[in-house]
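**Student:** The structure follows.
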Amino acid sequence: HYTFNLRDIASVVQGCMACTHKKVTQPSDFVRLWVHESRRVFSDRFTNYDDIKYFNQMIEKKVDEKFGMKLADIGPEGKPMPDRLMFVDFLVPGTDFESRIYEDSPPMEELQKLVEEYLDDYNSQYVPMPLVMFGDAIEHVTRISRVIRAPLGNALLLGVGGSGRKSLTRLASSIAEFNTFTIEITKSYRLVEWRDDLKSLLLKAGMDGKKMVFLFDDAQIVDETFVEDINNILNSGEVPNLMK
């Protein structure tokens, strides 16, 4: 079963508020944005295609009932709804993060070319990642980018080993011009080292004002306290007694 609460409703509203009046000029534009945010907040957490299909049918019904529109007809610029509905904020490379505009993505061919350019930039600066940017991978990058741009954004990425969760997160972090922070596990890595790393991360984000992405995977859970500390950060923004 799935557990949803008012935070999820707030996330949908928060995503809708990310657009500007310059990009949402018609009622259909806002309905399309609402459909996208609802899919990101709810549908992306479903575990099977039957639930996703049910959700899409419910969305289609509500768009018809509440807005008097047909979901298939509310694509960008009066075109049919695209198979992959995506909103992104990185269509103009080099734009300051605060000045980026959240808007409809272009056709997949154009978006693929743009993401591949970002990947080339990443590979020229860091350890190269030989990624193939096909449709699903690009869609995952847009999902992660949406989470990064959201205040207090966080996500749990599920998948089999080697499916690219960390690589796509690093790419999305680079696209947003955030710094990726991760821990290095050694034989002697325990709670003291973990707390020191958390201090370093929070000081960089809080005191230095750097934009940070904390990338943490299940193989790094040496102690269950690590998960408890992360839970505290997500809930309250701090770890009790960390700075003592």
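The values are calculated or read from the model by the stated rules, or taken from the named source; none is laboratory data. Note that the structure is predicted; figures quoted are calculated from it, not measured. Every residue, glycine among them, receives a Cβ derived from its backbone with ideal geometry; neighbour counts consider all protein chains shown. Side chains included, ligands, DNA and RNA excluded: accessible areas come from the protein's heavy atoms. Shrake-Rupley method; radii C 1.70, N 1.55, O 1.52, S 1.80 Å.
**Student:** Filter region 123-152 for residues that are small (Gly, Ala, Ser) and either in a helix (DSSP H, G or I) or touching a strand residue (DSSP E or B) at 6+ places or on another chain (Cβ under 9 Å) (or both) and give the result.
**Tutor:** At the first step, the residues of region 123-152 found to be small (Gly, Ala, Ser) are 124, 135, 137, 145, 150.
If the condition is that a residue be small (Gly, Ala, Ser) and either in a helix (DSSP H, G or I) or touching a strand residue (DSSP E or B) at 6+ places or on another chain (Cβ under 9 Å) (or both), then Ser124, Gly135, Ala137, Ser145 are the ones that fit.
Here's the yes/no breakdown for (1) within 15 Å of the chain's Cα centre (by Cα); (2) at pLDDT below 95; (3) not β-branched (Val, Ile, Thr):
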{"residue": "Asp50", "(1), (2), (3)": "no, no, yes"}
{"residue": "Tyr54", "(1), (2), (3)": "no, no, yes"}
{"residue": "Asp83", "(1), (2), (3)": "no, yes, yes"}
{"residue": "Lys113", "(1), (2), (3)": "no, no, yes"}
{"residue": "Tyr118", "(1), (2), (3)": "no, no, yes"}
{"residue": "Val141", "(1), (2), (3)": "yes, no, no"}
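**Student:** Filter region 62-77 down to the residues that are without any contact (Cβ under 8 Å) to a residue 40 or more places away in the chain and either over 15 Å from His36 (Cα atoms) or in contact with a helix residue (DSSP H, G or I) (Cβ under 7 Å, 6 or more places away or on another chain) (or both), then identify the one that is least open to solvent (accessible area, probe 1.4 Å).
**Tutor:** Residue satisfying both the conditions and the ranking: Val63.
**Student:** Next up: Might you check whether a residue that is touching a Pro at 6+ places or on another chain (Cβ under 9 Å) and either aromatic (Phe, Trp, Tyr) or within 23 Å of Val12 (Cα to Cα) (or both) occurs anywhere in region 114-133?
**Tutor:** Yes: region 114-133 contains one or more residues that are touching a Pro at 6+ places or on another chain (Cβ under 9 Å) and either aromatic (Phe, Trp, Tyr) or within 23 Å of Val12 (Cα to Cα) (or both).
Residue by residue, here is whether (1) in contact (Cβ under 8 Å) with a residue 60 or more places away in the chain; (2) part of a helix (DSSP H, G or I); (3) of a type in the set (Val, Ile, Thr) holds:
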{"residue": "Thr3", "(1), (2), (3)": "no, no, yes"}
{"residue": "Asp8", "(1), (2), (3)": "no, yes, no"}
{"residue": "Gln14", "(1), (2), (3)": "yes, yes, no"}
{"residue": "Val35", "(1), (2), (3)": "no, yes, yes"}
{"residue": "Arg39", "(1), (2), (3)": "no, yes, no"}
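**Student:** Give me the pairs, please: first residue somewhere in region 136-150 and over 11 Å from Ala172 (Cβ atoms) and of a type in the set (Gly, Ala, Ser), second residue anywhere and open to solvent by 60 Å² or more (accessible area, probe 1.4 Å) and part of a helix (DSSP H, G or I), beta-carbon distance under 7 Å, and either six or more positions apart or on two chains.
**Tutor:** Ala150/Gln14
**Student:** I'm trying to understand the selection: among the residues of region 16-33, which are in a helix (DSSP H, G or I), out of contact with any helix residue (DSSP H, G or I) (no Cβ under 6 Å at 6 or more places or on another chain), surrounded by 14 or more Cβ atoms within 10 Å (Cβ to Cβ) and in contact (Cβ under 8 Å) with a residue 24 or more places away in the chain?
**Tutor:** Of everything in region 16-33, those that are in a helix (DSSP H, G or I), out of contact with any helix residue (DSSP H, G or I) (no Cβ under 6 Å at 6 or more places or on another chain), surrounded by 14 or more Cβ atoms within 10 Å (Cβ to Cβ) and in contact (Cβ under 8 Å) with a residue 24 or more places away in the chain turn out to be Ser28, Asp29, Arg32.
**Student:** A further question follows. When you scan region 99-107, do you find a residue that is aliphatic (A, V, I, L, M), touching a strand residue (DSSP E or B) at 6+ places or on another chain (Cβ under 8 Å), under 14 Å from Phe87 (Cβ atoms) and in contact (Cβ under 8 Å) with a residue 24 or more places away in the chain, even just one? Before you say what the answer is, go through the steps one by one.
**Tutor:** Taking region 99-107 as the starting set, the residues that turn out to be aliphatic (A, V, I, L, M) are 101.
From what is left, the residues that are touching a strand residue (DSSP E or B) at 6+ places or on another chain (Cβ under 8 Å) are none.
Within region 99-107 (the criterion being aliphatic (A, V, I, L, M), touching a strand residue (DSSP E or B) at 6+ places or on another chain (Cβ under 8 Å), under 14 Å from Phe87 (Cβ atoms) and in contact (Cβ under 8 Å) with a residue 24 or more places away in the chain), the answer is no, since none of the residues qualifies.
**Student:** Among the residues of region 204-226, how many are open to solvent by 70 Å² or more (accessible area, probe 1.4 Å) and part of a helix (DSSP H, G or I)?
**Tutor:** Matching residues across region 204-226 total 3.
**Student:** For region 82-98, indicate whether the set of residues that are open to solvent by 60 Å² or more (accessible area, probe 1.4 Å), assigned to a helix (DSSP H, G or I) and free of Cβ contacts under 8 Å to residues at least 24 places away in the same chain is non-empty.
**Tutor:** Within region 82-98, the first condition is being open to solvent by 60 Å² or more (accessible area, probe 1.4 Å), and the residues that meet it are 83-84, 92-94, 96, 98.
Checking the rest, the ones that are also assigned to a helix (DSSP H, G or I) come to 98.
Subset that is free of Cβ contacts under 8 Å to residues at least 24 places away in the same chain: 98.
Within region 82-98, one or more residues are open to solvent by 60 Å² or more (accessible area, probe 1.4 Å), assigned to a helix (DSSP H, G or I) and free of Cβ contacts under 8 Å to residues at least 24 places away in the same chain.
**Student:** Would you confirm whether or not region 170-181 contains a residue that is more than 25 Å from Leu91 (Cβ to Cβ), surrounded by fewer than 17 Cβ atoms within 10 Å (Cβ to Cβ) and without any contact (Cβ under 8 Å) to a residue 60 or more places away in the chain? Explain how you work it out, then say what you get.
**Tutor:** Residues of region 170-181 more than 25 Å from Leu91 (Cβ to Cβ): 181.
Adding the requirement that they be surrounded by fewer than 17 Cβ atoms within 10 Å (Cβ to Cβ) leaves none.
No - not one qualifying residue is present in region 170-181.
**Student:** So which of Gly164, Gly159 ends up being more than 28 Å from Ser99 (Cβ to Cβ), free of Cβ contacts under 8 Å to residues at least 24 places away in the same chain and open to solvent by less than 70 Å² (accessible area, probe 1.4 Å)?
**Tutor:** Numbers: Gly164 fails: free of Cβ contacts under 8 Å to residues at least 24 places away in the same chain.
Unique residue meeting the criteria: Gly159.
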